[in-house]
Structure formats: C-alpha cells, structure tokens
C-alpha cells in the first residue's frame, strides 16, 4: 500500500474565485484527497425541498479537475434552522430533561423518526446526484457521532424507542423484571409504557436499567448510520467512511463499522492530553506540545480493527484513515498550545506505520469567523502558509520515496469491549474505575515493552496468530472468545473485573470468572481511593483489588501474601489494577515467557513494526539514543526489517 495525504476543505467559506488557487496549492503540497460538504445542508437545501446543487457541482469540478479525489460528506450533523420548524420535537434532551437548542451543531436526537427520514432523504438525493461523479471517490456519513455528549438523549422520542427496544429484547415485563432484579426496592413493571429512561431518579437508577439504556442508545447510532449507508450504497461503488472521535465510548464503534468500508478517526493529540487524559502535572508538562505517546497509537489500532469488521477480516487488514489530523493549536481544549516543530510529521508517520491509508489534515485554511476561528489549519486566515504546511509537504515527499508499507499482524492482542465499558459506567464501584482507561493502561504497558498490538473484538474466535493476549475488564467472556482462550497455546492474561458478572450486572453462581481449566474465584472486591494502594511483592495495585480463591497456582502475591495473579501455563487472572511501573514489569515478564523480545523503552520512545520497516517515534522534547541510533526530538526514523 502507498499511503496518501488529504485535507478538509470548506469551499462555502471562501470566494469561489479562490477555489482553483487552493486546489492547485493542495496538489503542489502533495495532497491527494479533499473532504467537503459535511456541514453545508443549509446551502444544499436553503429552504425546505428546494435544492441548490450548483455551488457544490462547481466545487467538485474545480477540485477534481486538478486530480484531487473528493470525499463527500452527508450534512446531517448540522440540520438547518428550518428543519427545527418542520420537526420541533427533534432535539435531544439532556439528563435534566432540557432540550438542546439550535445555534451550534449536532442538535438532533438519534431516535427521532422524522429527522431520520430527513437524513435518509438528503443522503439519497446526494447519492443520486454524485454517486457516479468521477471526482467523488469516497463518502463520509454525518460527522463525529457522539461529539458534544450527544449519543444519549432523554427526549420523548428516545423514551418511546427505548420501550420498543426493551420489548424486543425481553419479550415480557416479567422477563425484564427478573433480569433487572426489580423485586429490589419494589421497582417491578407490568406495562412497557411505565418504563422511562434512567434519569431524574431520586438516587441512582438500577444498574441494568442504565446499562440497557446505553445499549439501546448505541443501537440507535448504528441504525442512524446504516440508513445513510444503505441510501449511498444504492448509487455508488465508492467506499463509505465515518470519522469517529478519540476516547469516545458512548456507542459501539465495532457495530457501526460493520456498515462502513473504511473507518477513520479525528486525531487531536495535544487537545486530548489537555482535555481528556488523566495524567500527572509533570507528565502533561513534558508532553504539553506533543500529546500522549500512546494515545494516538491506541486509537490507530482500535480503528484498524474496526476497519476489518465489514469484511470479516483480521485486524491487520482493516482499512482505516485519519480523517482529521491536528495541524496546530485547536480551539476547544481548556488550553491550546502549538505543536513542537516536527510533531505534525511524526503524527502522520505514526498513523501510516499503524496502517493508515490516508492522513487528512483539518483544515486547509483557518477560518476567520465563528466557533472554530482559533483552530489552526495548513494555511493562515490571510492565506499565508501555517507551520504545518511544510511538514505535510515533507511527509508527501517521504511517502514518494519509501515504497510500499504493509501492515503486519502483531504478536500481541488486546481485547476491547464497549459493552463492558458501559457496564462499569453503570456500576463503577470505584469513582475512578473506567474500562477504557484500564484497557489503555494495558496498551501503554505493551507499547513500553516495544510491542506492536492488535485490538481484538470480544467475539474473536481465533487467537492462534498471537503469542500474548490481554483481556482486562470484560463484563462477560463471550462463547467464541472463551473457546479461543481454551484452545490458545500462548499466554493470556484476563482481569481484573473480567467475567465476574452476568450480562445484566448480577453476581452469578458460581461466582466468576467462570473460565474453563482455571480454578480461580473472585470472592471479594475492593475499590481503592487515590490515597490508598495494595502493595505487591514488587509494585502495587491502585484503584481496584480483588480477593482470589481457588486451586490454580499463585504466580504473584501481594505484600501480605494474598494472590495477585493466579493461573496456569496459558491462562492467568490479574486481581487488580497495576500502576504504570507495575504493569510495565508484569508485561515484560509475560513477553519474555511468551517468547517475545521485551524492551523497556525510554520515556516517550515508541516502536511500530510493519512488514517492511521498523518505525521509531520520539515524543520527547529532546533527542533519545536507542540501540546506537539517535532519534531526534519530536522525530521519527525507520529501518528496514
């Protein structure tokens, strides 16, 4: 595969006379793809049922005329003001029952049948007009599902759809009452109409009630995306993409991806570190202008796995892009530093090393107006080059000289399950227990050990290509994965909090984990506040500690002599949440036992292997010596394998 570069462009923001100049300069920079249209519904349809395609026809012609490939976005993330007049009840409602208002974007409820119909209509009209256009080479559905906390809606439309969803899932209120344990606190229902979304209760709503509402809300996103894909696919053979967000878990990205040909995500490393990642002040200071050394890679691997879902392929073969790559300061984080020189090049190459077919920068030119005017682009608002333009051009030149880059299967697999993340949101037990963060901590320990990692779906049925597999924090080990673990000849580490509840968050009998050939039981669970930890023979557990019983061998103990890891040669259970140093030590030991070369990489240095090259990335703000080679600050090198 030869990777490419792209850019997000908004022709409607600029004089039409400027389009040709912009297009020519994109080509000169080395850009291949240009995404347009995803926020322009009010221009496509300025009044209800009156379409104006002329400007979009001309924009596509200008861009395509110089050889650029257009990604055309459906504009359903920004319904025009007249849409609200037509469907005044289409707005999502927050947890306090207040409707979200017009004046920004994503002001719709996924469950509203009328708005769904409007989205189906605009997708159909666009696909009929542009589905065979020779310049339109890909499509994007909507934009950033869930952005601004918009997956969950407590609107009347959502409440009605939730009742229907529950009726289909449980078939009778008696079955629902048993599954949810509604005998507790006299919460039983005898009519579906009695059931509301789990908000505005006096104290916490029943945990399975919360969990099922999260499942329902995810399914609404899947259905909303599918209806657009169905309309587009009827008129084109071009691939369909959606641009997911980082650290967003309110819906199942694997499930949405089954309807996509290519997945993508929007990568904002510095914004995420500032706004969304819990780290020490010292850590954030050291990586202030670079981003977290593992956050981008984690998402690259997640979306590569998602990109394999439609084809039913292995994660290494998943098709994926970065649709929006940060080029400079963003506008939405609490603080917005500029990247160190070299980081825009490093971020692009890191995505490519993880299998990205395209890295697309957001945006071509910084807007001088509205909410995102402080968000940098490749060009300044005065049409002069911004710093990232030269780095993008450098990446384009380097791509031309490196040859093919082929994603290779990784030796390590990490299971990620959105349903489990929702379960622990519904019943955290510890205020800082987040399923996504647990998986991320496991991933960063693997990366520190120099490992390339495949993210695995929780229904993965074949683990034979891996030497080491981790499955932290799974609500349930599903049958296919259970059988795969039983047959696995490598080393698998599950836990903590894996397979210890039913799908409705009850404690099973026998108590879990109920995994074949491993006599281990979690008999008692402690959540640990930030002021406490559980010391181990080496290291410590933070946040979470489980008391284990059983006859399986004890492979690691706490300082007080309790089991910390139990299991046999192939399957083992981890009884707590290790801090970073402890997790790194555990992973290095497992790698060595599994026959993998285990590194202890310097701060900020990370490795990714493709079929042809080993890439080494230095997120540190200073040069780092590694194996006799100096890796520049905020730099990347590659070596043939």
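The values are calculated or read from the model by the stated rules, or taken from the named source; none is laboratory data. Treat the numbers as computed from the prediction; the structure is a model and nothing was measured. FYI the Cβ positions are ideal-geometry reconstructions off the backbone, even for glycines, and counts take in every protein chain you see.
Numerical summary
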read-out	value
Any chance residue 367 is modelled with pLDDT of 95 or more, within 18 Å of residue 38 (Cα to Cα), out of contact with any strand residue (DSSP E or B) (no Cβ under 8 Å at 6 or more places or on another chain) and not assigned by TED's automatic domain parsing to the domain that holds residue 453	yes
Test: residue 302 is assigned to a helix (DSSP H, G or I), buried (at least 24 other Cβ atoms within 10 Å of the Cβ), in contact (Cβ under 8 Å) with a residue 24 or more places away in the chain and in contact with a strand residue (DSSP E or B) (Cβ under 8 Å, 6 or more places away or on another chain)	yes
Selection status of residue 603, under 18 Å from residue 441 (Cα atoms) and surrounded by fewer than 17 Cβ atoms within 10 Å (Cβ to Cβ)	yes
Flag for residue 182 being farther than 20 Å from residue 89 by Cβ, at pLDDT 95 or above and not in a helix (DSSP H, G or I)	yes
Some residue of region 38-57 being within 24 Å of the chain's Cα centre (by Cα), surrounded by 22 or more Cβ atoms within 10 Å (Cβ to Cβ) and within 21 Å of residue 367 (Cβ to Cβ)	yes
Residues located in region 241-272, provided they are in contact with a strand residue (DSSP E or B) (Cβ under 9 Å, 6 or more places away or on another chain), farther than 17 Å from residue 301 by Cβ and surrounded by fewer than 21 Cβ atoms within 10 Å (Cβ to Cβ)	259, 261
Residue 419 being free of Cβ contacts under 8 Å to residues at least 12 places away in the same chain and either outside the structural domain of residue 474 (by TED's automatic domain parsing) or under 21 Å from the mean Cα position of the chain (by Cα) (or both)	no
Unique match (being outside the structural domain of residue 459 (by TED's automatic domain parsing) and within 24 Å of residue 122 (Cα to Cα)) among 304, 286, 233	233
The one condition in (1) in contact with a helix residue (DSSP H, G or I) (Cβ under 6 Å, 6 or more places away or on another chain); (2) free of Cβ contacts under 8 Å to residues at least 24 places away in the same chain; (3) surrounded by fewer than 22 Cβ atoms within 10 Å (Cβ to Cβ); (4) not in a loop (DSSP other than H, G, I, E, B) that residue 176 fails to fulfil	(3)
Any hit, region 18-28, residues being over 16 Å from residue 79 (Cβ atoms), modelled with pLDDT of 95 or more and not in a helix (DSSP H, G or I)	no
Set 57, 85: member being within 30 Å of residue 332 (Cα to Cα) and either assigned by TED's automatic domain parsing to the domain that holds residue 14 or out of contact with any strand residue (DSSP E or B) (no Cβ under 7 Å at 6 or more places or on another chain) (or both)	85
Test set (1) assigned to a helix (DSSP H, G or I); (2) free of Cβ contacts under 8 Å to residues at least 24 places away in the same chain - residue 157 fails condition number	(2)
Subset of region 1-17 that is over 17 Å from residue 377 (Cα atoms) and part of a helix (DSSP H, G or I) - its residue that is nearest to the chain's Cα centre (by Cα)	16
Matching residues in region 464-495 - criterion: being part of a loop (DSSP other than H, G, I, E, B), buried (at least 24 other Cβ atoms within 10 Å of the Cβ) and in contact (Cβ under 8 Å) with a residue 60 or more places away in the chain	472, 495
Candidates 368, 339, filtered to the one that is outside any strand (DSSP E or B) and under 24 Å from the mean Cα position of the chain (by Cα)	339
Tally of residues being part of a strand (DSSP E or B) and crowded, with 18+ Cβ neighbours inside 10 Å across region 556-595	14
Spans of helices (runs of 4 or more DSSP H) in region 195-299 with at least 1 residues under 25 Å from residue 139 (Cβ atoms)	207-233, 253-257
